[in-house]
């Protein structure tokens, strides 16, 4: 294996840095197949012809491959109201291959310093509050972008241009933090291809930067990626009863908590997203139970470096209407006009959020519960 030491712009063969595949990979297991049983692949011609695209197609030999001019709007998939009734089936059986054209690195300021151009869009899981489906409509399976090498090159140049981080902040005391999974779940993407492994390997070589991604899925294959402290994994948590209702097809919350020690030992920084916080009757007691579980279960080493983001629920009117077609019970908790107000997002979406007074009181109450039951858990930010 070549040894790379002086490529700060990221122009090195990332594939050379990947760990050898394990003899038995989780992504080849029956558990992974239950989440992703791909029968249909929609592929842009350039994506299908690429090395990554050919590997993905070979990985799912039973799938029918259909050429499409664009990954963004696929007839019969996006914008088709009939797909509401097939919401979970589409996520299980359909995959899209595309080439990422836009490689913009956007400022963030909350969870990360920067939002990286993602290697995917969409997800095989079906969280009822997910914001990603809003723009496509009615179906949102995983779209894998096959040009991860271009993403790595863009990030390398951007990181080199930033230089060292000038001062500590709530995002990190020393590193520029790049969120690499804004519109998907990197742990699930790793069931499809090596894009997550390549990004973790790339950040391992950049001493002034750190990757970060949130996940609701425990994929033990990631334990072999050797991040060496340069990737922050953020396990998203909510009370188990809320998760069973809203976090469809995700790993159980107890499993996410139990995995934290293994991921820390494997070289990841381990944080938590307390997200979304859903204000409903009994929510304070439910969160008290979750925080006590964290305090009881997590090893001291995890607690010593842990931090959390608190994110209150933001919902969407269009998604509310879609959910009524496949999971109306979720809307009993998510859609509460008596405590919510309209908010027009930057892209024009018709969102709803808790009214200012309700939200402020809930954030203060949750901070108090954290201080009482998990005082070791530093809250990086809450909104």
- Rg to Rh, two decimals, where the stretch 221-290 supplies the alpha carbon set and Rh follows Kirkwood: 1.04
- Points 7 angstrom from Cα along the Cβ direction at residue 342 and residue 284: gap in nanometres? 3.2
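At 222 nm, what value in deg cm²/dmol follows for the chain if DSSP H runs of at least 4 each add -39500 (n - 2.57) and the sum is divided by all its residues, to the nearest 500?
-10000 deg cm²/dmol
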- Message: Against the 2.2 N^0.38 Å scaling, with N counting residues, where does the stretch 338-382 land? I'd like the Cα-based Rg ratio to two decimal places.
- Response: 1.50
- Note on the structure: For residue 262, placing the label point 7 angstrom along Cα-to-beta-carbon and taking the stretch 172-212, residues whose amide nitrogen sits under 14 Å are none
- Message: Taking only the Cα atoms of the stretch 304-368, how large is their convex hull per residue, in Å³?
- Response: 135
- Highest to lowest packing among 52-59, 295-302, scored as the average C-beta count within 10 Å: 52-59, 295-302
- Query: How much of the DSSP beta bridge set in the chain is antiparallel, as a percent to the nearest 5?
  - Reply: 30
- Using every Cα-Cα pair within the chain, state what percent have a distance larger than 32 Å. 32
- Item | Three semi-axes of the equivalent ellipsoid, the stretch 132-267, Cα gyration tensor, whole Å, largest first | 26, 19, 15
- Given a cut-off of under 8 Å on Cα pairs at least six residues apart, what relative contact order in percent is computed for the stretch 243-346? 33
- Task: Sticking with the crude label model, points 7 Å out along Cα→Cβ, report the distance from residue 160 to residue 367 in nm, one decimal please.
- Result: 4.2
- Query: What length, rounded to one decimal in nm, is gained on full extension from residue 72 through to residue 106, with 0.36 nm per residue of separation minus their alpha-carbon distance?
  - Reply: 10.2 nm
- Item | Euclidean distance of C-alpha centroids, the stretch 299-337 and the stretch 135-152, integer Å | 22
- Message: Within a 10 angstrom radius of the beta carbon, how do 238, 312 rank from fewest other beta carbons to most?
- Response: 312, 238
- Per-residue Cβ contact counts at 10 Å, fewest first, order 373, 71 as 373, 71
- Expressed in nm to one decimal, what extension gain is obtained for the pair residue 59 and residue 318 from 0.36 nm per residue of sequence separation less their Cα-Cα distance? 89.8 nm
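Calculate, for residue 292 and residue 85, the FRET efficiency according to 1/(1 + (r/R0)^6) with r their C-beta to C-beta distance and R0 45 Å; round to the nearest 0.05.
Efficiency, rounded to the nearest 0.05: 0.70.
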- Can you give the convex hull volume per residue for the Cα atoms of the stretch 269-333, as a whole number of Å³? 115
- Anisotropy class of the stretch 30-112 from Cα gyration tensor, a/c 1.5 cut: rounded
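What order do you get for 64, 204, 110, 232 when you list them from fewest to most C-beta neighbours inside 10 Å? Before the final figure, lay out each step's value.
Working: 64 10, 204 19, 110 14, 232 26.
Listed from fewest to most nearby Cβ atoms, that is 64, 110, 204, 232.
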- Query: So what is the relative contact order of the stretch 14-382, in percent, for Cα pairs below 8 Å that sit 6 or more residues apart?
  - Reply: 15
- Note on the structure: For the residue 34, residue 356 Cβ pair and Förster radius 30 Å, calculated FRET efficiency rounded to 0.05 is 0.10
- Message: Calculate the FRET efficiency for residue 254 and residue 174 from the Cβ-Cβ distance with a Förster distance of 41 Å, rounded to the nearest 0.05.
- Response: 0.80
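We did not get these values from a lab; they are worked out from the coordinates using the rules stated. Everything numeric in this text was worked out from a predicted model, so none of it was measured. Glycine also receives a Cβ, built like all others from the backbone with ideal geometry; neighbour counts cover every protein chain displayed.
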